[in-house]
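Below is one structure; the comments refer to it alone.
FYI, it's all coordinate maths here, none of it is from the lab. Keep in mind that this is a model prediction, so the values were computed, not measured.
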Amino acid sequence: MTGRTITRAQLSEAVYQEVGLSRNESAELLESVLGQMTDALARGESVKISSFGSFSIRQKGQRIGRNPKTGEEVPILPRRVLVFRPSQVLKGRINDKRHPKAAT
């Protein structure tokens, strides 16, 4: 792994370059899309982006955990967690980048 992270600013700049909106409009568009996704997930809805993947919320129940240092049992409260499932298209693109097809 390279450890490289893409930031909101970089995504906004990519929208600016590709779509041709102003930098401010590109930033507002990105924030609007991320806001819509966040709001939908907070309501418990799934977010599906074609050829990319789907985000959903999963409810995890209460369970008993263990402090690894002391061995003491600690209750872990029920919570909601974000789950991402990549599409087959995204999986294929990732695997093609890592393992290019051999030339025939």
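Along region 37-45 the Karplus relation, 6.51 cos²θ - 1.76 cosθ + 1.60 evaluated at θ = phi - 60°, assigns HN-Hα couplings of 5, 4, 4, 5, 5, 5, 7, x, 7 Hz to successive residues, with x for each Gly and Pro. Close Lys pairs in the chain, defined as Cα atoms under 27 Å apart and 8 or more places apart or on different chains, number 6. Taking the helices alone, the chain has a mean residue ellipticity at 222 nm of -13500 deg cm²/dmol, built from -39,500 (n - 2.57) per DSSP H run of at least 4 residues and averaged over all its residues.
Taking all Cα-Cα distances within region 1-102, those exceeding 24 Å account for 51%.
Evaluating 6.51 cos²θ - 1.76 cosθ + 1.60 at θ = phi - 60° for every residue in region 49-63, the Karplus couplings come out as 10, 3, 6, 10, x, 10, 10, 8, 10, 10, 8, 10, x, 5, 8 Hz, glycine and proline recorded as x.
Taking a ≥ b ≥ c as the square roots of the eigenvalues of the Cα gyration tensor, region 1-49 is classed as oblate, since a/c reaches at least 1.5 and a/b does not exceed b/c.
Between VAL33, VAL74, VAL15, find the one with the highest GNM mean-square fluctuation for the chain; connect C-alpha pairs within less than 10 Å. Comparing VAL33, VAL74, VAL15 in a Gaussian network model of the chain, the most mobile one is VAL74.
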